[in-house]
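Each remark here refers to the structure printed beneath this line.
The values are calculated or read from the model by the stated rules, or taken from the named source; none is laboratory data. These numbers come from a predicted model, not from an experiment. Note that each Cβ is placed from the backbone with ideal geometry, even for glycine, and that neighbours are counted across all protein chains shown. Quick note on the areas: whole protein, heavy atoms, side chains included, nothing else; ligands and nucleic acids left out. Shrake-Rupley method; radii C 1.70, N 1.55, O 1.52, S 1.80 Å.
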Amino acid sequence: MNDMVKQTAGRDALGTFAPKFAQLNDDVLFGEVWSREEKLSLRDRSLVTITALIASGMIDTSFQYHLQTAKKNGITKTEIAEILTQLAFYAGWPKAWAAFRMATEIWTEDEPAQDAKSAHEQSMVFPIGKPNDGFAQYFSGQSFLAPVSTSQVGIFNVTFEPGCRNNWHVHHAKSGGGQILICVAGRGFYQEWGKEAIEMKPGDVVNIPAGVKHWHGAAPDSWFSHLAAEVPAEEGSNEWMEPVSDEDYGKLV
Ligand code: MN
């Protein structure tokens, strides 16, 4: 219920220089006033404090602290945008601009996974495309597929989320056949059965002859996209096999 707001900033910064100020800051302002949650919620206290700081032009590190606190106290991204928009008219336009610059950094830490995916997509000229549902049973993790060329030679942009890879497989053909991989973004691996994995970065090309057992996929900590070109084959087919074990995959760095 009425948990004391713990604050040590005063003593950390001014404990020896101004011990009384430090004590008033930590024990009275935060320990007593901020802690009277039964009288006014922490969220409302954050709102009032932000307003006061902006009105007086205090868009400094203390303001940054209070924005972070406001987020912790439940003020959402939508709400802070509304609050700063309204404050702009009463406190001043440039002050709102300065506050928005800080707020965007604090409230966009929300969706790191989505941010990483869009950052990956922005780093390449091909789209990520749609979830690769048709082949999902042969993949560990989420992959995506975007057709680049569907006539003459089939070329697809395949995107793997971090840690995603396909099962061991073979592209069979009576003659011709096989696959060419061209990395277009991120970092991943290609491995042939019985050999060391090869790291793939943008611009790297791998030629996979028909009949060779292999897998391809993302590094554990990176999104990965490669174009996959299907080399025209006589009697071509794909044979899907066992997943790459966590043990084998875990050896990659
Ligand atoms: Mn393949």
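Laid out as a table, the results:
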read-out	value
About the Cα centre, charge dipole magnitude for region 119-250 (Lys/Arg +1, Asp/Glu -1 at Cβ), debye	300
Ranked order, Arg43, Arg165, Arg187, Arg36 - accessible area, probe 1.4 Å, largest first	Arg36, Arg43, Arg187, Arg165
Accessible area in the full protein assembly, largest first, 1.4 Å probe, for Arg45, Arg101	Arg101, Arg45
For the chain: relative contact order, % (alpha-carbon pairs under 8 angstrom, 6 or more apart)	15
Computed over region 119-250: relative contact order in percent, which uses C-alpha pairs under 8 Å that are six or more apart	30
Karplus (6.51, -1.76, 1.60) ³J(HN,Hα), θ = phi - 60°, over region 185-193, in Hz, Gly and Pro reported as x	6, x, 9, x, 9, 10, 9, 9, 3
